[in-house]
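*Asks:* Here's a structure for you.
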Amino acid sequence: MIFEITDTYFDEVINLGNLVHGEGYLDRSSLSMIVEKGSKNGINSSFVALESGKLLGFRLTYAAEQWDIDKWCSPDEWSVPTEHVGYFKCNTVAEEARGKGLGGLLLQSSVAALKRQGARAGISHLWKQSPNNSAVRYFSKAGGILIKDHPNRWNDTSDHPDYICVICGSNCTCTASEMLLTFN
């Protein structure tokens, strides 16, 4: 049911990502770059969830030291040195598959891969405006600790120049909750 992501799944991942998060969220070039940043020491930290050959969800993750710590990050407030912190880029589950624990299974797969790569924690920016704030709730349930809220996080056109938020349109004012998940 959970498999490492490969380019075989790219079209389905792009379609689901753009449906859930908004048009322009993913394209083939950005997805290729994300998957490349998630691979380290021959270990892929991004995964897809399939059932009967149908894509139900995906988790995109960057390996430690293979992503940029930008203005939306607060590394001075993290309890783990930055060189040991991966980045949970995106977790997406199709509407018909939500509430069944799939997001947690995808997260567990990425955590296991990050640990094998040598990471001791992962940071993420969770979409506070997700339906019923489910993104923050599920990450908190997994042990994530809130570091800081960042209003207007996805209104940064340099990261997503063609992004159209499913809630706000082209002028996204959604908040990102920066959360840290440490590994045992």
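*Asks:* Springs between alpha-carbon pairs under 10 angstrom, Gaussian network model over the chain: which of L114, L106, L55 fluctuates most?
*Replies:* Highest fluctuation among the options: L55.
*Asks:* Separate question: On average over all directions, what projected area in square nanometres does the chain have, based on the convex hull of its Cα atoms? Please list the in-between numbers first.
*Replies:* Numbers: hull surface 37.9 nm².
Seen from a random direction, the Cα hull of the chain projects 9.5 nm² on average.
*Asks:* Under a Cβ-Cβ limit of 4.7 Å, which cysteines in the chain have nobody to pair with?
*Replies:* Unpaired cysteines in the chain: C73, C90, C174.
*Asks:* Provide the FRET efficiency to the nearest 0.05 for the N155-E12 pair, computing r from the beta carbons and using R0 = 30 Å.
*Replies:* Step by step, r from the Cβ atoms, then E = 0.65.
*Asks:* For E23 and T182, what does the FRET efficiency come to when R0 = 45 Å and r is the distance between their Cβ atoms, rounded to the nearest 0.05?
*Replies:* 0.80
*Asks:* Under a crude label model (7 Å from the Cα following the beta-carbon direction), how far is S32 from M1 in nanometres?
*Replies:* 3.3 nm
*Asks:* For the stretch 30-184, please report how many Lys pairs fall under 26 Å Cα to Cα, leaving out neighbours fewer than 8 apart on the same chain.
*Replies:* Eligible lysine pairs with Cα atoms under 26 Å apart amount to 27.
*Asks:* Let me ask you something else. Grab the DSSP H runs of the chain that are 4 residues or longer, score each as -39,500 (n - 2.57), total them, divide by all residues and round the 222 nm result to the nearest 500 deg cm²/dmol.
*Replies:* About -8000 deg cm²/dmol.
*Asks:* Based on the Kirkwood radius over alpha-carbon pairs, what is the Stokes-Einstein translational diffusion coefficient of the stretch 1-80 at 4 °C with 1.567 mPa s viscosity, in µm²/s? Present the calculation step by step, with values, prior to reporting the outcome.
*Replies:* Numbers: Rh = 13.8 Å.
The estimated diffusion coefficient comes to 94 µm²/s.
*Asks:* I would also like to ask the following. Over the stretch 1-118, average the accessible area per residue using a 1.4 Å probe and give it in Å², no decimals. Numbers along the way, then the final one.
*Replies:* Details: 5610 Å² over 118 residues.
Value returned for the stretch 1-118: 48 Å² of accessible area per residue.
*Asks:* Leaving ligands, DNA and RNA out of it, report the carbon-plus-sulfur percent of the accessible area of the chain at a 1.4 Å probe.
*Replies:* Here carbon and sulfur together make up 48 percent of the probe-accessible area.
*Asks:* When a/c reaches 1.5 or more, the comparison of a/b and b/c decides; with that in mind, is the stretch 73-118 rounded, prolate or oblate per its Cα gyration tensor? Mind dumping the intermediate values first?
*Replies:* Numbers: a/c = 3.44, a/b = 1.94, b/c = 1.77.
Taking the square roots of the gyration eigenvalues as a ≥ b ≥ c, the stretch 73-118 is prolate.
*Asks:* Compute the distance in nm between two label points, each set 7 Å from the Cα along the Cα-to-Cβ direction, one at S134 and one at L50.
*Replies:* Computed distance between label sites S134 and L50 equals 2.3 nm.
The values are calculated or read from the model by the stated rules, or taken from the named source; none is laboratory data. This structure is a prediction, so every number in the text was calculated from the model and none was measured. Here the Cβ is made from the backbone with ideal geometry for all residues, glycine too, and neighbour counts use every protein chain on show. Areas reflect the complete protein model, heavy atoms only, side chains present, ligands, DNA and RNA absent. Shrake-Rupley method; radii C 1.70, N 1.55, O 1.52, S 1.80 Å.
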